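Peer 1: Sharing a structure, written as structure tokens. Questions coming.
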Amino acid sequence: MSIFLLKGLYRRMGTATSDVSFSIRRKHTPTIALLGVTGLSEFGNVLASLAIPWFVLQTSGSPLKTGITGATMILAFVIAGIFSGPLLDRLGFRRSSIASDISSGITVAMIPLLYLTIGLPLWLLLILVFVGALLDAPGRTARLSMLPELARDAQTPIERLNSAYQAILRLSQLIGPPLGGVLIAILGASNVMWLNAATFIVSALVIAIAVPARREAREEKESGEGYINQLWIGLAFIRHNKLILSVFLLYTTSEFLDAPFVTIALPVYADTVFGSAISLGLMVGGLGGGALIGSIIYGFIGHRLPRWRTCVVALVAAWLPFWVLAYTSSFGIVMVILFVMGLAAGPLNALLYTVVHEHTPPEVRGRVFGVFFALALAMVPLGMVLSGYFLEILGLRLTLVAIAVGYLAIILSLIVIPSFRRMDSSRQ
């Protein structure tokens, strides 16, 4: 008799254990799905950023047309970031993500389809590129805006989820370009765009199946507001919330300095100091690898760290190496310096996104993040033009010093502006 009782107890314990295990898996499934879709979508974006300009260059033979196509993509991202926020907040983040991916996939697939059938003049290509980027940008904002609720459902610190989000983006950006180049060489640019379209459709299906729908209520008083008025509500929130405004300015000015450093200053450095494209690839890889590791480390320990102090230390650690870069010609030292810069800068985006998540009401989150991304992206070409001008007028060393001075201004503002110290206020 006791044997039967023990067997029954063992079966019940086994059932309970499997139920707990299933519950844990089910709790984390939406989070894992969203992070996987983020990586897939970013890889698709990397493919598009390579395949579309290459397609234009191969079919037209014109660098000017290629440049116009790239500028069209950036312009669409900026416009979508600013003006799509009210639609995201009204429609809901999950539905916005699904709609964005499906429409983007269809638009991208139209490029090779039209080219292979009726032909694709430049004006029509520019329209498709513009519309595709216009539809893709809201999906990225929507996925980031879903993270706080998924973190709460999974009982995971939001810092950890934001760090995982950033690590996946950085990994896709690190391995995407070389893998995309290989795919273009093997399959051709038009066939890679079919693959890009497929990534969008798969992303939409995963979100629809694995991420549960939730009631995303919006304020009733906003329901009768016009679209432009709702947009102004989001902008007014940024302007009146001193912490959010301060973080916004820090984020955009950092992007203003980061982008030209990686895309303009480092290529000039590699050419001037080392005279080798291989050295450029290794330098960018060292910087990106450090940033990836920094994001991962912050994911494990970030929720235990004081945010304001972490932000200050990270910026100082990323700022000091600029002075070494300006006065060294040793490739080994440069590689170490770039890795340290990436390692220090790795946690910053996750930290800033966490602050915005915790201090922004869900009903305006889409508008706030949309403006963040749009204006930060708009600063990139301005920073690149000014960086190129400084490199021609001042030379490499003084340009690096100028970038270092810009980062010093950011660090000093972080220390002296009182609103930044509210980064930790949500924990009190």
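The values are calculated or read from the model by the stated rules, or taken from the named source; none is laboratory data. All figures in this text were calculated on a predicted structure; none of them were measured in a lab. Reconstructed Cβ throughout: ideal geometry from the backbone, glycine too, with neighbour counts over all protein chains shown.
Peer 1: May I ask you to say which residue of 397, 367 is assigned to a helix (DSSP H, G or I) and buried (at least 17 other Cβ atoms within 10 Å of the Cβ)?
Peer 2: Answer to the check: 367.
Here's the yes/no breakdown for (1) of a type outside the set (D, E, K, R); (2) within 18 Å of the chain's Cα centre (by Cα); (3) buried (at least 21 other Cβ atoms within 10 Å of the Cβ); (4) not in a helix (DSSP H, G or I):
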| residue | (1), (2), (3), (4) |
| --- | --- |
| 58 | yes, no, no, no |
| 90 | no, no, no, no |
| 95 | no, no, no, no |
| 101 | no, yes, yes, no |
| 111 | yes, no, yes, no |
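Peer 1: Just one of 345, 291, 350 is surrounded by fewer than 23 Cβ atoms within 10 Å (Cβ to Cβ) and among the aliphatic types (A, V, I, L, M); which is it?
Peer 2: On the way: 291 fails: surrounded by fewer than 23 Cβ atoms within 10 Å (Cβ to Cβ); 350 fails: surrounded by fewer than 23 Cβ atoms within 10 Å (Cβ to Cβ).
Residue meeting the stated conditions: 345.
Peer 1: Quick check on this structure: which one of 270, 259, 277 is more than 20 Å from the chain's Cα centre (by Cα), outside the structural domain of residue 152 (by TED's automatic domain parsing) and either free of Cβ contacts under 8 Å to residues at least 12 places away in the same chain or closer than 21 Å to residue 379 by Cα (or both)?
Peer 2: Answer to the check: 277.
Peer 1: Among what's in the range 39-56 and is β-branched (Val, Ile, Thr) and under 21 Å from the mean Cα position of the chain (by Cα), pick the residue that is farthest from residue 378 (Cα to Cα).
Peer 2: The selected residue is 52.
Peer 1: Any residue in the range 138-146 that is more than 18 Å from residue 43 (Cα to Cα) and either in contact (Cβ under 8 Å) with a residue 24 or more places away in the chain or among the charged types (D, E, K, R) (or both)?
Peer 2: Looking for residues that are more than 18 Å from residue 43 (Cα to Cα) and either in contact (Cβ under 8 Å) with a residue 24 or more places away in the chain or among the charged types (D, E, K, R) (or both), one finds at least one in the range 138-146, hence yes.
Peer 1: While we're looking at this one, here's another question. Identify the residue in the range 77-86 that is within 16 Å of the chain's Cα centre (by Cα) and not β-branched (Val, Ile, Thr) and, among all such residues, is nearest to residue 125 (Cα to Cα).
Peer 2: 77
Peer 1: Quick check on my filter: what residues within the range 296-312 are under 20 Å from residue 424 (Cβ atoms), part of a helix (DSSP H, G or I) and touching a residue at least 24 places away in the same chain (Cβ under 8 Å)?
Peer 2: 297, 298, 299, 300, 302, 303, 307, 308, 310, 311, 312, listed by residue number.
Peer 1: Continuing with this model, one more query. How many residues are in contact (Cβ under 8 Å) with a residue 24 or more places away in the chain and either over 29 Å from residue 72 (Cα atoms) or among the hydroxyl-bearing types (Ser, Thr, Tyr) (or both) if we restrict to the range 362-391?
Peer 2: So the count comes out to 3.
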